[in-house]
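Inspection log for the structure reproduced underneath, given as structure tokens.
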């Protein structure tokens, strides 16, 4: 497929999968109109990159369907000056989207091969404001805290306590919480020492493995 073919598929994705389902943050929509999702999937899946479904990226992990990526990003309400923490780099697609909307992104990935592949993609696409770290994402990344926004792209049995400690005043944490087979998307906001929770839509993510997540 040509780049013009991918561009047409990307525009259809934005209109039919995102705008029609309530994604209305214009910064998010604009970024997704230009971000080449086909560059973040396996070569054999490039033709399916803009379909309304997750795709395998190897190592037992997936790239989420476009709507879920857009929804979770919209819930962070990014304005452009934030330092963001992402738990679960995966393919790097969600990371790249965050990088286009925030000042700086720190992303923690448990699987070293995925982290290295994502770094190669960021270099190829000339995305300079992403820092990928290999480690237990359930611990967050305290070295660069606090964060105005934290996004977790794996399902946890509960929101990990270290992430609350790393959230800045007024910051937002978006995370899937529940059992391994399905979760509820939650958004937490920090107001001083208080954290307020909203329960949003049902989702299904791979498990968050780590000390404050699920056992391997």
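The values are calculated or read from the model by the stated rules, or taken from the named source; none is laboratory data. Keep in mind the model is a prediction, meaning the values are calculated, not measured. Every residue, glycine among them, receives a Cβ derived from its backbone with ideal geometry; neighbour counts consider all protein chains shown.
Below are the figures for this structure:
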{"item": "Residue list for segment 31-45, filter: without any contact (Cβ under 8 Å) to a residue 24 or more places away in the chain, surrounded by 11 or more Cβ atoms within 10 Å (Cβ to Cβ) and either out of contact with any helix residue (DSSP H, G or I) (no Cβ under 9 Å at 6 or more places or on another chain) or part of a loop (DSSP other than H, G, I, E, B) (or both)", "result": "42"}
{"item": "Any hit, segment 81-95, residues being over 23 Å from residue 154 (Cβ atoms) and modelled with pLDDT of 95 or more", "result": "yes"}
{"item": "Residues satisfying the stated conditions in segment 134-148, i.e. closer than 18 Å to residue 213 by Cβ and free of Cβ contacts under 8 Å to residues at least 60 places away in the same chain", "result": "134, 135, 140, 141, 142"}
{"item": "Extreme residue, surrounded by the most Cβ atoms within 10 Å (Cβ to Cβ), among residues of segment 111-136 that are assigned to a loop (DSSP other than H, G, I, E, B) and in contact with a helix residue (DSSP H, G or I) (Cβ under 6 Å, 6 or more places away or on another chain)", "result": "127"}
{"item": "Qualifying residues in segment 142-158 (those that are surrounded by 22 or more Cβ atoms within 10 Å (Cβ to Cβ) and not in a strand (DSSP E or B)) - the one nearest to the chain's Cα centre (by Cα)", "result": "153"}
{"item": "Answer residue from segment 166-215, given it is without any contact (Cβ under 8 Å) to a residue 24 or more places away in the chain and not in a strand (DSSP E or B) and is nearest to residue 109 (Cα to Cα) among those", "result": "215"}
{"item": "Count of residues meeting criterion [over 10 Å from the mean Cα position of the chain (by Cα) and either farther than 19 Å from residue 160 by Cα or without any contact (Cβ under 8 Å) to a residue 60 or more places away in the chain (or both)] in segment 92-112", "result": "12"}
